[in-house]
1. What's the number of the only condition in (1) in the same structural domain as Gln244 (by TED's automatic domain parsing); (2) at pLDDT 85 or above that Arg211 fails to meet?
2. Can you pull out the residues in the stretch 60-76 that are loosely packed, with under 11 Cβ neighbours inside 10 Å and either touching a Lys or Arg at 6+ places or on another chain (Cβ under 8 Å) or over 24 Å from His45 (Cα atoms) (or both)?
3. Give the residues of the stretch 179-216 that are part of a helix (DSSP H, G or I), farther than 14 Å from Pro249 by Cα and acidic (Asp, Glu), sorted by residue number.
4. Tell me yes or no: at least one residue of the stretch 76-88 is at pLDDT 80 or above and within 19 Å of Tyr103 (Cβ to Cβ).
5. Given the criterion within 28 Å of Ile21 (Cβ to Cβ), of a type outside the set (Lys, Arg) and either at pLDDT 80 or above or touching a strand residue (DSSP E or B) at 6+ places or on another chain (Cβ under 8 Å) (or both), identify the matching residue among Glu42, Glu127, Glu57, Glu50.
6. Would you point out the residue of the stretch 146-199, among those that are hydroxyl-bearing (Ser, Thr, Tyr) and surrounded by 13 or more Cβ atoms within 10 Å (Cβ to Cβ), that is modelled with the highest pLDDT?
7. How many residues are without any contact (Cβ under 8 Å) to a residue 12 or more places away in the chain and surrounded by 12 or more Cβ atoms within 10 Å (Cβ to Cβ) if we restrict to the stretch 208-221?
Amino acid sequence: MAIPVKLNVFEGPLDLLLHLIDKNKIDIYDIPIVEITDQYMEYIHSMEKEDLGVMSEFMVMAATLIDIKCRMLLPREVNEEGEEEDPRAELVARLLEYKTYKYMSYELRDKMDDAAGVFYKTATVPEEVLEYREPVDPEELLKGLTLEKLHSIYQSIIRRQENKIDPIRSKFGTIEKEEVSLSDKMIQMRDYACGHRSFSFRDLLNAQSSRVQVIVTFLSILELMKMGHIQVEQDALFDDIRVQVVTDPETWKNLTEFADE
């Protein structure tokens, strides 16, 4: 026999089903689908506000209940493991999940209500209290301190600092930018050529202080050759290269123009 259902505002079809189950004190794992379906359909017929969006959700659930009701009249289906499948199993799982979230929302609502009555007051500590520092007595602080203890403290600090060092990156070298330009090197070569009309290319490169200096010096020699100020000679393969100055270095005025390019 169907019990009278008081028309409430339910959040959805699952909410209505949980209400009917609680009212009838039914085991959610063993829902009498015929009785619940009849009560559910009675509620739908008594809905006064016909909101299509809301009604569509309830009608879908009504169709689901009727489908389960029909499947309950048929022989049970057997799964791959040879067990009979309960047509209500999927609906029960949905109801349990919805019930979990519903009661979780109640817990959150209660916490929000409790938090609404909590107020925080900013600290109003006097400045004198904030500025106060407890006096330190050096004699009391160093009481019992020996050189052995001091050495132990020092070693522990050193070990702590060593543990912070990356064992891989700490071995990387430091990349430093060397401020040397081709134009500046060519001007240096002009000054060098004033006192050395013939010189060894190998000795010139060996006199450079870094790899960058060697590269820039080599490029300056190539530029001076292209400009016709010097010539190079080599008697045999792998022999030293001799650099001959063929023009007066004092006339190398276009180096400044080259520097501005």
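The values are calculated or read from the model by the stated rules, or taken from the named source; none is laboratory data. Predicted, not measured: the structure shown is a model, and the values here were computed from it. Note that we place each Cβ from the backbone using ideal geometry, even for glycine, and neighbour counts take in every protein chain shown.
1. Here Arg211 clears every test but (2).
2. Leu73, Leu74, Pro75
3. Selection gives Asp184, Asp203.
4. No.
5. Selected residue: Glu42, the only one of Glu42, Glu127, Glu57, Glu50 that is within 28 Å of Ile21 (Cβ to Cβ), of a type outside the set (Lys, Arg) and either at pLDDT 80 or above or touching a strand residue (DSSP E or B) at 6+ places or on another chain (Cβ under 8 Å) (or both).
6. The extreme case among them is Tyr192.
7. Of the residues in the stretch 208-221, 3 are without any contact (Cβ under 8 Å) to a residue 12 or more places away in the chain and surrounded by 12 or more Cβ atoms within 10 Å (Cβ to Cβ).
Here's the yes/no breakdown for (1) outside the structural domain of Pro32 (by TED's automatic domain parsing); (2) under 15 Å from Pro13 (Cβ atoms); (3) among the β-branched types (Val, Ile, Thr):
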residue: Met61; (1), (2), (3): no, yes, no
residue: Ile68; (1), (2), (3): no, yes, yes
residue: Arg71; (1), (2), (3): no, no, no
residue: Arg76; (1), (2), (3): no, no, no
residue: Glu81; (1), (2), (3): no, no, no
residue: Asp86; (1), (2), (3): no, no, no
residue: Tyr98; (1), (2), (3): no, yes, no
residue: Tyr103; (1), (2), (3): no, no, no
residue: Leu108; (1), (2), (3): no, no, no
